[in-house]
Amino acid sequence: MPAWSATGNFTLTQTADGVRAEKSFANGLRISKEFQLSSNYLVNASVRLENASDQPLALPAQEWVVGTATPMGPDDNGMYLGAMWFGRYALR
C-alpha cells in the first residue's frame, strides 16, 4: 500500500459551496475530502474512502485527530470556548 500523502498532490475541484480534494491510488483506493465554509468561522469537512477496484482492499489502521483552540493568554476567558463533535459513518 502506498503512503497516504507522500505519493503526490490531491486534485482540487471547486464545488458549489466549497472545495473537493481527491487522490487515486494504483490499487483502486480513492480518497475524497470535501470542505465547506459554515457559520461562526466553522468549516464542515467530510472524508470518503472508496474501493474503485473489483477486488477487496485491505487498509492499514487509521487515526483521525481533530482539535480546537484554547485560551492564548491570562486575559482570555475560557468560559467562551467549547467543542462539539458529530460523526457519521457509512459502511458499504
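Subtracting the Cα-Cα distance from 0.36 nm times the residue separation, let me have the gained length for ALA26 to MET72 in nm, one decimal.
Extending this stretch completely gives an extra 12.1 nm.
Within the shell of other residues whose beta carbon sits under 14 angstrom from the beta carbon of THR15, the net charge comes to 0, with Lys and Arg scored +1 and Asp and Glu -1.
Once the Cα-Cα distance is subtracted from the 0.36 nm per residue extended length, the THR13 to ALA58 segment shows a gain of 13.4 nm.
Throughout, read-outs are computed from the coordinates displayed, never taken from laboratory work. The model shown is predicted, which means the values in this text are computed figures rather than measured ones. FYI the Cβ positions are ideal-geometry reconstructions off the backbone, even for glycines, and counts take in every protein chain you see.
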